[in-house]
Amino acid sequence: MSDVTSDDIMKGIPAAAGGSDGPVILGIESTCDETAAAVVRGTTLVSNIVASSMEEHARYGGVIPEIASRAHAEAFVPVVSRALADANMDLSDIDAIAVSAGPGLAGCLAVGVSGAKSLAWAANKPIYGINHVIGHVSVTQLQFGALPENTMALIVSGGHTSLLHIDDIARSIEVVGTTLDDAAGECFDKVARLLGFPYPGGPHIDRHARLGDPTALKVPMGLTQGRAGAEHPYDFSFSGVKTAVARWVEGRRADGKDIPVDDVCASLAQSVASVLSRKAIDACRSRGSDTLIVGGGFSANSQLREHLAEAGREAGVDVRIPEIKLCTDNGAMVAMLGSNLVTAGVAPSSPDFPIDSAMPLDSISMA
Ligand code: KG4
Ligand code: ZN
């Protein structure tokens, strides 16, 4: 179990981005392999602790839910108490608790939600079971300030690739597009496995892609061409991309040829980054949005960041990609969404709210 201190994670986040008042929210995250807790006051990050069980999964080539759930059970109390201690607070100083209720791994969610409910019950505080994916949108407020009206968001993580139109982050979200099969992160992780990289493979592909020729292989541009492309202008499909790269690699192996790993990574990264950025900017144009929020673990990808920065400049769209530590899963994203809900006067979740491992993206919090 490795952890990150508040000081580490808060470096580079301008204090001026947030206000000093607003509700004090304890955010708790346990959807996958990070146990995390943070305190946010209004739109200011006060403390942020992340413990990861990633190392325990690496040798299996993917996250093992049972191992992740056990790690959450171990880390929950130490992580929450450290987040409170770093904020110089105890539970009585908190206005509300927010916890990820979905989407995610059921056993993992159950640990975080049960722990959060116990705290809320013991301290007599309101609790919000929130949507983790919408938390990835909300976290950008800590770095860039309030969300403008009519904002588009591209969320790219291990499990999601989605375009969301945000009318009101506390009450109304429209799903503009989503992946029909593999998410971008999943596609990278699967190709990485084929190339022999450890899990998670996305960062390895990123690193090798920087050294290779992006035109070396012809990789399909998922769901951009022909009838399917026209019918799904804002949806994604990366399964064919993964299969095309896998066939090419396996074909060369069968012929006894070397695999030019850097070129394979560069060609894959080029295809995925250009499809993501093109569709995201098209979605902004279709809704007249001039702000694009980007979030989720895959938004750490350097090819995607470059493509989006350039496409945004050309289209006059303000592209807001948070610093990498806020892109990956953390408690700050949960607390920040909770802060929006409290400020907007949204009712807390009922004490018996469920977890939902497939929580729909237009559901912001549990009733
Ligand atoms: O949002 P996240 O931390 O966890 C989920 O909720 O899924 O995203 C994890 C995903 C993994 O697929 C990982 O390979 C990918 O993000 N990832 C990257 C990079 N850093 C993380 N993919 C490509 N390039 C990166 N630099
Ligand atoms: Zn996530």
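Here are a few things to note about the model shown:
- Exposure of Leu91 as accessible area (Å², to 10), given a probe of 1.4 Å and all protein chains: 40
- Across Val24, Val175, Val342, mean-square fluctuation computed from a Gaussian network of the chain (C-alpha pairs under 10 Å connected) peaks at Val175.
- Measuring nothing but how far apart in sequence close Cα pairs (under 8 Å, 6+ apart) lie, relative to its length, the chain scores a relative contact order of 24 percent.
- Taking Lys and Arg as +1 and Asp and Glu as -1, the other residues whose beta-carbon sits under 11 Å from that of Ala153 total 0.
- The chain: angle of helix 65-86 to the longest principal axis, Cα-based, in degrees nearest 10: 50
- With the simple model of a label 7 Å out from the Cα in the direction of the Cβ, Arg313 to Asp167 spans 3.5 nm.
- Where labels lie 7 Å past Cα in the beta-carbon direction, separation of Gln225 and Glu66 in nm: 4.5
- Nitroxide proxy distance, nm - points 7 Å out along Cα→Cβ at Glu56 and Ser114: 1.5
- Annotation note: trypsin sites (Lys or Arg not before Pro) in the range 113-203 located in DSSP loop regions with a Cβ neighbour count of at most 14 within 10 Å are Arg171.
- The chain: projected area of the alpha-carbon convex hull, averaged over directions, in nm²: 17.5
- Cross-link partners for Lys117 among the lysines, with Cα-Cα distance under 26 Å and sequence neighbours closer than 8 places in the same chain left out: Lys125.
- Of the residues Val156, Ala246, Ser277, the one whose Cα sits farthest toward the positive end of the charge dipole of the range 151-321, with +1 on the Cβ of Lys and Arg and -1 on the Cβ of Asp and Glu, is Ala246.
- If you run the Gaussian network model on the chain, springs between alpha carbon atoms under 10 Å, then out of Glu186, Glu34, Glu174 the most flexible one is Glu174.
- Under 19 Å from Lys325, Cα to Cα: lysines that are on another chain or at least 8 residues apart: Lys11
- Per-residue SASA entry for Tyr60, accessible area with 1.4 Å probe, Å² rounded to 10: 100
- About the Cα centre, charge dipole magnitude for the range 151-321 (Lys/Arg +1, Asp/Glu -1 at Cβ), debye: 260
- Selection from Ile49, Val99, Ser30, by position along the positive dipole direction of the range 30-126 (Cβ): Val99
- What the Kirkwood sum gives for the range 151-321 is a hydrodynamic radius of 16.2 Å, with every pair of different alpha carbons counted.
- 0 to 90° range, to nearest 10: angle between helix 261-287 axis and the chain longest Cα axis: 60
- Solvent-accessible area of Glu310 with every protein chain in place, 1.4 Å probe, in Å² to the nearest 10: 100
The values are calculated or read from the model by the stated rules, or taken from the named source; none is laboratory data. What you are looking at is a predicted structure, and each value in this text was computed from that prediction instead of being measured. Please note: Cβ atoms are built from the backbone with ideal geometry, for glycine as well, and neighbour counts cover all protein chains shown. Quick note on the areas: whole protein, heavy atoms, side chains included, nothing else; ligands and nucleic acids left out. Shrake-Rupley method; radii C 1.70, N 1.55, O 1.52, S 1.80 Å.
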